[in-house]
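Notes for the one structure printed next.
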Amino acid sequence: MKRNGATLKPRSGYVAALDIGTTKICCLIAKPHVDRGPYGGGGPKVVGIGTHQAHGIRNGAIVDMDAAEHAIRAAVERAEQMVGDNIERVVINVSGGKPKSKLVSCEVSIGGHGITEHDMRRLLDPSVLLKDKPEDREIVHKLPVGFSVDGNRGVRDPIGMYGEMLGVNVHVVTAQTAPLRNLNAVVERCHLHVDAMVVSPFASALSCLVDDEKKMGAACIDIGGGTTGIALFFDGELVHTDVIPVGGNHITNDIARGLSTPFGHAERMKNLYGTCLPSASDDAEVIQVPLVGEDDETGTVQVPRSMLVGIIRPRVEEIIDLARERLDKAGFGQLAGRVVLTGGTSQLTGISEMASQAFSHHVRLASPRPIEGLAEAVAGPAFAAASGLLQYAVAAAEVPIEAEMNMTQPPNGLLGRIGHWLRENF
Ligand SMILES: Nc1ncnc2c1ncn2[C@@H]1O[C@H](COP(=O)(O)OP(=O)(O)OP(=O)(O)O)[C@@H](O)[C@H]1O
Ligand SMILES: [Mg+2]
């Protein structure tokens, strides 16, 4: 099944998620609601899975359109072959373009009458939200995170309430326009329409955090190949996101450079013997390391495991410290919430212990919540974002979402509770 414009036909029965990562592309296609009989529920079922090694992507941003297009096409085609049909719309992730979060407060006078939809529209006036937006940035998300009436916070659904002043905090996530356009363009070159863009750590948090963690306050940290994404939830809402351009590939590069070994071997060593926890036996344990440019037996050296740990540990420390600093700036310290680690690099031995020390908190290692039909091979922490994107797509399919990328809305949380009109009007 070759992808080209002519073979595409409208499909409404499926939803699709496309995780464009630095190391791998993952496309998941699902039937959003499978009827499992009177007691079986109606959740989604994954019917198509396609993964492919990523090319043309660096630290989450497209750097080579052709290479990225090929990798995306390959992943999507694999998923489509499994379904036996083509998809034409996808929900994708955003890691590049330096995503930034900002909380914007808005207030309107309501003069004592019952709050109406008209008041809500005045309150959520896009021109107010866009007032301070830099010209080189686009809005990826604008999520109302809490209403207040006459200064009383914690109002879930203000319509019908009486008061003098109605207020809201809106979490606005922006990213640089050019990287967003490149992302959109490369997906469109694969003859796919971008239904929504979701900032990557938000997607990972959707699949990894449990409801109680979101309510109590929790940070989901996705340490991938070229990025580390942070999503902070409080009182059930996403209140902060950040993407740091450093990840597991930097550890691999450090090993390759430090031991003069090919990148492929450095990657294998990291995954097989890598740990960030030193142990007493590390000096005695010896690893054979082939040298770069030499391919016979004589071109290998023996290095103690302690040397490998000595290379890995400082980089992991740096990644965790950066994440902690960014979270502290966002007020995570005061929340005393939980830390949940996911992403491919969360599989590195000892990383949760290091993170626990840095955050002075227990750290939970998380894989995405299981979805029916999701094969084991794509159920691990590296697939947190893909799985979360699919959940977003499934929830968004319940109410048709605005196709324009700057009108994306969250499927869960506040919007779900305050009714359809907000989804349609804000
Ligand atoms: N067992 C393991 N131990 C240590 N690191 C691992 C292990 N398995 C995978 N990794 C690392 O995980 C990283 C890939 O993670 P992931 O698939 O989450 O990244 P990505 O989504 O492609 O990239 P990004 O989200 O940063 O754009 C690679 O650096 C890889 O070396
Ligand atoms: Mg990723």
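The values are calculated or read from the model by the stated rules, or taken from the named source; none is laboratory data. Everything numeric here is computed off the predicted structure, so don't read it as measured data. We place every Cβ from the backbone using ideal geometry, glycine too, and count neighbours over all the protein chains shown. Keep in mind that these areas ignore ligands, DNA and RNA; they rest on the heavy atoms of the full protein, side chains included. Shrake-Rupley method; radii C 1.70, N 1.55, O 1.52, S 1.80 Å.
Residues whose amide H lies under 5 Å from that of V145, counting only those 5 or more places away or on a different chain, are N169, V170, H171; hydrogens are built 1.01 Å from N in the peptide plane.
At 1.4 Å probe size, put E376, E325 in order of accessible surface, largest to smallest. Intermediate results must be reported in sequence, preceding the final value.
Numbers: E376 170, E325 105 Å².
Largest to smallest exposure gives the sequence E376, E325.
Cα centroids of segment 180-216 and segment 222-259: 15 Å apart. With a ≥ b ≥ c taken as the square roots of the eigenvalues of the C-alpha gyration tensor of segment 219-366, please select rounded if a/c is under 1.5 and otherwise prolate if a/b is larger than b/c or oblate if it is not? Judged from the Cα gyration tensor, segment 219-366 comes out prolate (a/c at least 1.5, a/b above b/c). Segment 48-85 and segment 311-342 have Cα centres spaced 30 Å apart. Per atom type, segment 203-252 shows carbon and sulfur on 57% of its accessible surface, probed at 1.4 Å.
With R₀ fixed at 41 Å, the C-beta to C-beta distance from E88 to S109 puts the FRET efficiency at about 0.35.
Rounded to the nearest 5, what % of the DSSP beta bridges within segment 210-365 are antiparallel ones?
Values: 18 of 27 bridges.
Of the beta bridges lying entirely in segment 210-365, close to 65 percent run antiparallel.
Taking only the C-alpha atoms of segment 194-281, Rg followed by Dmax gives 16.9, 53 Å.
GNM on the chain, alpha-carbon springs under 10 angstrom: the most fluctuating residue among D66, D283, D85 is D283.
Spin-label model, E317 to I287: label points 7 Å out along the Cα-to-beta-carbon direction sit 1.8 nm apart. Give the percent of DSSP beta bridges with both residues in the chain that are antiparallel, rounded to the nearest 5. Taking every DSSP beta bridge with both residues in the chain, the antiparallel ones total about 75 percent.
Give the Debye-formula value of log10 I(q)/I(0) at each listed q (0.13 Å⁻¹), with one equal scatterer per alpha carbon of the chain, two decimals each. Each listed q maps to, in turn, -1.14. Here the chain is treated with +1 on each Lys and Arg Cβ and -1 on each Asp and Glu Cβ, and its dipole about the Cα centre works out to around 540 debye. Stretched out straight at 0.36 nm per residue, the stretch from T116 to M216 would grow longer than its current Cα-Cα span by 32.9 nm.
Springs between alpha-carbon pairs under 10 angstrom, Gaussian network model over the chain: which of L192, L180, L322 fluctuates most? Ranking L192, L180, L322 by mean-square fluctuation puts L322 first. Accessible surface for the chain, divided over its residues, is 44 Å² per residue with a 1.4 Å probe.
When only DSSP loop residues count, what trypsin sites (Lys or Arg not before Pro) in segment 32-134 have their Cβ near at most 14 other Cβ atoms within 10 Å?
Working: sites: R36, K45, R58, R73, R78, R89, K100, K102, R121, R122, K131; in loops: R36, K131.
Sites meeting the loop and neighbour criteria: R36, K131.
Helices meeting the span-like rule in the chain (full DSSP H runs, Cα extent of at least 24 Å along the helix axis, mean Kyte-Doolittle score of -1.0 or higher): 65-83, 305-329.
Heavy-atom accessible surface of Y273, to the nearest 10 Å², is about 100 Å², with a 1.4 Å probe and all protein chains retained. A simple rule links phi to the HN-Hα coupling: the Karplus curve 6.51 cos²θ - 1.76 cosθ + 1.60 with θ = phi - 60°, which for segment 152-162 gives 7, 7, x, 7, 8, 10, x, 4, x, 7, 9 Hz, with x for Gly and Pro. Backbone amide hydrogens, once placed in the peptide plane, bring V239 within less than 5 Å of L232, F233, F234, excluding anything fewer than 5 places away on its chain.
Take every Cα pair under 8 Å in segment 67-219 that's 6+ residues apart, average their separations, divide by the length, and report that relative contact order as a whole percent. Let's see the in-between values first.
Details: 224 pairs, mean separation 53.3, N = 153.
Normalised by residue count, the contact order of segment 67-219 is 35 percent.
In segment 100-175, carbon and sulfur make up what percent of the accessible area (probe 1.4 Å)?
50
Note on D321: accessible area is roughly 60 Å² with a 1.4 Å probe, heavy atoms of protein only.
Relative contact order for segment 100-175: what percent, with Cα pairs under 8 Å and sequence separation of 6 or more? Provide the component values of the computation, followed by the final result.
Working: 147 pairs, mean separation 37.5, N = 76.
Relative contact order, segment 100-175: 49 percent.
Helices in the chain, meaning DSSP H runs of at least 4 residues, each add -39500 (n - 2.57). Divided by all residues, the mean residue ellipticity at 222 nm is -10000 deg cm²/dmol.
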